[in-house]
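Some notes on the structure that comes next.
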Amino acid sequence: MGTIVEVRGLVKRFGELAAVDDVSFAIEQGEIFGLLGPNGAGKTTTISMVSCLIDPTAGSITVDGNEVATAPGAVKSTLGVVPQEIALYPTLSAQENLAFWGQMYGLSGGALKSAVAEALELAGLADRAKERVEKYSGGMKRRINIAAGILHKPKVLLMDEPTVGIDPQSRNHILETVKQLNAAGMTVLYTSHYMEEVEYLCDRIAIMDHGKIIASGTLNELRDVVGGMDVVDVKVTEVTDCVLDRVREIEGVKQADRTDGAIQVLTPSSGSVLGKLVATLESEGAHVTSITVTEPNLESVFLHLTGKSLRD
Ligand SMILES: Nc1ncnc2c1ncn2[C@@H]1O[C@H](COP(=O)(O)OP(=O)(O)O)[C@@H](O)[C@H]1O
Ligand SMILES: [Mg+2]
């Protein structure tokens, strides 16, 4: 299919801070590409440069053969953007908001009308199209925000943390919408700090932290970063630095880090480690409330590479 978005050596500095620090990635036509990273990683800054909202300090971005620096108009018409901050007029209805955005994209007449109707259907809000947006729940606003981004049927859709702070039902609806758009041929760049969403949706993933991409590949390729290891999550009453140090000294423990209310241990052989792990924790006064052994996921990959949890 070929590359549709290419980002090379991208840098954005705000004074001393390199918010995006030499980032390169390529998105293939037809895939869902995930940018996963904690708050402050540089995801929004990256998306803002791809969508021509802010100028890079250095580096180049090409979208469908057009350079952002020299042909921003062509780039913008190829892109749909769903920003993190909701951009709707609260006193207008969903239908009126979408009609406004459609006109901004140059749609009018019958084409505008059918684009709005289709987008409302996709958002699952056709039956409430005439209500003022200010009466909508947070999740419904997000769904309309997404509908606004796809009115002009862009080749590439950029979505910046579209599910933050909403109800599970709207969240599921949004995830299914992304799958549906992608199945119809849209390429998607999806940013999130929720590893479950990225695991569920994305064909390939770049993990970002402090402005840099620290790992990238398919889910299986990323799991191989902690390849051959079991992930042991131990919930304990209290995790102190001292307890962590003792756990790290146990034979067979490759890595141990603090997650929320738990310790995550990487080990090549959980079977031989579990007994010693429990004994050590109990002797340190950290009461074990549960233990789960799983395969590595993106959270453990992130923990392994950075020593901190995605949710911090
Ligand atoms: N306009 C700005 N001026 C100064 N610093 C900024 C600006 N925008 C973002 N930053 C900083 O750049 C870093 C990356 O931010 P951002 O791209 O929003 O991260 P993310 O979207 O991954 O949470 C953060 O440290 C943030 O505070
Ligand atoms: Mg952001």
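Taken together, the residues in the stretch 8-27 that are under 15 Å from T191 (Cα atoms), within 16 Å of ligand 1 (Cβ to nearest atom) and open to solvent by less than 10 Å² (accessible area, probe 1.4 Å) amount to 2.
Would you say V50 is touching a helix residue (DSSP H, G or I) at 6+ places or on another chain (Cβ under 6 Å), within 16 Å of ligand 2 (Cβ to nearest atom) and in contact (Cβ under 8 Å) with a residue 40 or more places away in the chain? Here the answer is no, as V50 does not meet what is asked. In this structure, does I86 turn out to be open to solvent by 50 Å² or more (accessible area, probe 1.4 Å) and within 16 Å of ligand 1 (Cβ to nearest atom)? For I86, the condition - open to solvent by 50 Å² or more (accessible area, probe 1.4 Å) and within 16 Å of ligand 1 (Cβ to nearest atom) - is met.
Within the stretch 100-155, can you find the residues that are part of a helix (DSSP H, G or I) and among the hydroxyl-bearing types (S, T, Y)? If the condition is that a residue be part of a helix (DSSP H, G or I) and among the hydroxyl-bearing types (S, T, Y), then S114 is the only one that fits. Scanning the stretch 55-70 for residues that are outside any strand (DSSP E or B) and crowded, with 16+ Cβ neighbours inside 10 Å gives P56, D64, V68.
All of L244, L175, L219, L189 fail the test of being free of Cβ contacts under 8 Å to residues at least 60 places away in the same chain and assigned by TED's automatic domain parsing to the domain that holds A58, apart from L175.
Determine whether V75 is more than 16 Å from ligand 2 (Cβ to nearest atom), closer than 19 Å to A215 by Cβ and in the same structural domain as E134 (by TED's automatic domain parsing). Against the criterion (more than 16 Å from ligand 2 (Cβ to nearest atom), closer than 19 Å to A215 by Cβ and in the same structural domain as E134 (by TED's automatic domain parsing)), V75 does not qualify.
Condition check ((1) modelled with pLDDT of 95 or more; (2) open to solvent by 10 Å² or more (accessible area, probe 1.4 Å); (3) within 15 Å of the chain's Cα centre (by Cα)) across all residues:
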| site | (1), (2), (3) |
| --- | --- |
| D160 | yes, no, yes |
| G165 | no, yes, yes |
| L175 | yes, yes, yes |
| K179 | yes, yes, yes |
| S192 | yes, no, yes |
| M195 | no, yes, yes |
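Just for the stretch 28-46: of the residues that are near ligand 1 (Cβ under 8 Å from one of its atoms) and among the β-branched types (V, I, T), which one is nearest to G15 (Cα to Cα)? Step by step, filter the stretch 28-46, then rank; the result is T45. It is to be established whether one or more residues within the stretch 208-229 are more than 16 Å from ligand 2 (Cβ to nearest atom), over 26 Å from T163 (Cβ atoms) and either part of a strand (DSSP E or B) or small (G, A, S) (or both). Yes. Here G261, G271, G252, G211 are screened, and the one residue that is assigned by TED's automatic domain parsing to the domain that holds R8 and either free of Cβ contacts under 8 Å to residues at least 40 places away in the same chain or touching a strand residue (DSSP E or B) at 6+ places or on another chain (Cβ under 9 Å) (or both) is G211. Within the stretch 282-304, residues that are under 16 Å from R258 (Cβ atoms) reach partners that are part of a helix (DSSP H, G or I) and open to solvent by 60 Å² or more (accessible area, probe 1.4 Å) with beta carbons closer than 6 Å, at six or more positions or on different chains, in the pairs E284/R246.
The values are calculated or read from the model by the stated rules, or taken from the named source; none is laboratory data. Bear in mind the structure is a predicted one, so any value in this text is a computation, not a measurement. Please note: Cβ atoms are built from the backbone with ideal geometry, for glycine as well, and neighbour counts cover all protein chains shown. These accessible areas exclude ligands, DNA and RNA; they are computed on the full protein's heavy atoms, side chains included. Shrake-Rupley method; radii C 1.70, N 1.55, O 1.52, S 1.80 Å.
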